[in-house]
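Each remark here refers to the structure printed beneath this line.
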Amino acid sequence: MKSKTLLSLLSDREVHSGESLAQQLGVSRTAVWKQVRKAIREGTDIRTIRGQGYQLVSQLDLLELAAIQAALDPDSRARIDLAVLDEVDSTNAEVARRMTASSSPVVIADRQTSGRGRRGRNWASPKGQNLYLSLGLTIKGGFSALDGLSLALGVAVADALGQSGISDIGLKWPNDLFAGQKKFGGILVEIQGELQEGSVQVIAGIGLNVHMSEAGGVDQPWTSLALRWPGERWVRNQLAGRVIRHVLMAVDEFEAGGFLCFRDRWQQRDIFRGRSLVARGGDMTGYGVGIDECGNYLVDTAEGVMSVRAGDISLRISE
């Protein structure tokens, strides 16, 4: 028995006896109790009522393969090999494992045990709270054709969220999504393997804080979609479908016209532009003036405008 099945039965937030749950799941009452304890340890709030049973208290937003597929248009659904997992080390790592058997795997997990961000940083990945999504993509052209891809995908994710009427999403170079000067999402693009037949395989990992309200160990200001826009009804299945659809559209546009197709749209959301910036280590200071045609960031320094590549230097606001 998996806790996800148990949680589905508790999702009506009514009180269910251990005996009735055991009968419906075909297991012992002890097995039910163990799964309840496991779900509580993973962050789900379940009330145990003596003599009556169990009641779900926390908000439940289950991931379901069929619901995500239903949120996709027929073309997007046919282009990908979608898997929805209860738990995985990281969705990027799982896509890498699946790319030997599938050219277009997409993996979504309810929880990551070893989620990663840029520069190998840990990505907080509690169960049932956020969206952890990775796509295996094949991009036509050499490695230089990937210039600006992570920025283009940032535009795609912002557009997907914009379907809910949200317009104040900021993009932080090179791969973060911000709201009100707080991070709520990030994108990690990794090259997979060698150049083959004029194409490059990459893995695009997308993490979005959806319902998260607590995050121990996070060392920067953060928020979630539910915290920042509490008036919206955030459903992870629908959100996943939108993100996948917009990413696939962005990849088609990127292959046809490169990053220049996205440059203006990215700069409209640039949270660095006009701000005082300092490079990691303090060896460069200046003001943000946008990005060039390849997606490198431009900083107006005392020595002139300098270009910064994503893999070279980390920028932050110095104010």
TODO: For ASP292 paired with SER276, estimate the spin-label separation in nm (one decimal), with each label point 7 Å from Cα along the Cα-to-Cβ line.
DONE: 2.7
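Looking at the square roots a ≥ b ≥ c of the eigenvalues of the Cα gyration tensor of region 193-319, which shape do they give, rounded for a/c under 1.5, prolate if a/b is larger than b/c, or oblate?
oblate
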Task: Mean projection area, nm², convex hull over Cα of the chain - done: 18.0
Task: Contour excess over end-to-end distance, with Cα ends at ILE49 and GLU232 and 0.36 nm allotted per residue - done: 62.7 nm
TODO: Sum up the charges of everything whose Cβ sits under 13 Å from the Cβ of SER17, counting Lys and Arg as +1 and Asp and Glu as -1, but leave SER17 out.
DONE: 0
- [ ] Over region 161-319, calculate the relative contact order: mean separation of alpha carbon pairs under 8 Å at least 6 apart, over the residue count, as a percent.
- [x] 16
Task: Pairwise centroid distance, computed over Cα atoms, of region 137-191 with region 1-61, Å - done: 38
TODO: For region 143-156, just list the computed ³J(HN,Hα) in residue order, Karplus coefficients 6.51, -1.76 and 1.60, θ = phi - 60°, integers in Hz, with x standing in for Gly and Pro.
DONE: 4, 5, 5, 8, 3, x, 4, 4, 5, 4, 5, x, 4, 4
Open item on the list: Using the basic label-point model (7 angstrom from Cα toward the beta carbon), what is the ARG77 to THR100 distance in nanometres?
Closed with: 3.1
Task: Protection proxy ranking, peptides 96-107, 150-161, 80-91, 193-204, average beta carbon neighbours within 10 Å, highest first - done: 150-161, 80-91, 96-107, 193-204
Open item on the list: Per DSSP helix of 4 or more residues, -39500 (n - 2.57); summed, then divided by the residues of the chain. What does that give at 222 nm, rounded to the nearest 500?
Closed with: -9000 deg cm²/dmol
Open item on the list: Please compute the contact order of the chain in relative form: average sequence separation of alpha-carbon pairs under 8 Å and at least six residues apart, divided by the residue count, as a percent.
Closed with: 14
Task: Karplus 3J(HN,Hα) series, Hz, for region 220-236 with 6.51 cos²θ - 1.76 cosθ + 1.60 (x for Gly, Pro) - done: 8, x, 9, 8, 9, 4, 5, 6, 7, 10, x, x, 8, 9, 8, 10, 4
- [ ] Quick one: grab the alpha carbon gyration tensor of region 1-52, order the square roots of its eigenvalues as a ≥ b ≥ c, and give me rounded if a/c is under 1.5, else prolate or oblate depending on whether a/b is larger than b/c.
- [x] rounded
Open item on the list: Could you derive backbone 3J(HN,Hα) for region 197-204 from the dihedral phi with the Karplus parameters 6.51, -1.76 and 1.60 (θ = phi - 60°), listing whole Hz in sequence and x where the residue is Gly or Pro?
Closed with: 6, x, 10, 10, 8, 10, 10, 10
TODO: Enumerate the amide H contacts of GLY141 below 5 Å, restricted to partners 5 or more residues apart or on another chain; note that Pro and chain-start residues carry no placed amide H.
DONE: SER199, VAL200
Open item on the list: Rounded to the nearest percent, how much of the accessible area of the chain (1.4 Å probe, protein heavy atoms only) is carbon and sulfur?
Closed with: 45
TODO: Report, by chain and number, residues whose modeled amide H sits under 5 Å from the one on ALA109, excluding near sequence neighbours (fewer than 5 apart, same chain).
DONE: LEU85, TYR132
Open item on the list: Can you give the FRET efficiency to the nearest 0.05 for THR5 and CYS261, using r as the Cβ-Cβ distance and R₀ = 45 Å?
Closed with: 0.50
Open item on the list: Assuming 0.36 nm per residue, please report the length gained on full extension of the stretch ILE191 to VAL305 beyond their Cα-Cα distance.
Closed with: 38.1 nm
Open item on the list: Could you put GLU190, GLU214, GLU14 in order of accessible surface area, largest first, with the 1.4 Å probe and the full protein assembly present?
Closed with: GLU214, GLU14, GLU190
Open item on the list: 5 Å is the cut-off here: which amide hydrogens, built 1.01 Å from N in the peptide plane, fall below it relative to GLY286, excluding neighbours closer than 5 in sequence?
Closed with: LEU277
- [ ] Grab the beta carbon distance between ALA70 and SER144, set R0 = 45 Å, and tell me the FRET efficiency rounded to 0.05.
- [x] 0.75
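The values are calculated or read from the model by the stated rules, or taken from the named source; none is laboratory data. For clarity, every value in this text was computed on a predicted model and none was experimentally measured. We place every Cβ from the backbone using ideal geometry, glycine too, and count neighbours over all the protein chains shown. The accessibility values were calculated without ligands, DNA or RNA, using every heavy atom of the protein model including side chains. Shrake-Rupley method; radii C 1.70, N 1.55, O 1.52, S 1.80 Å.
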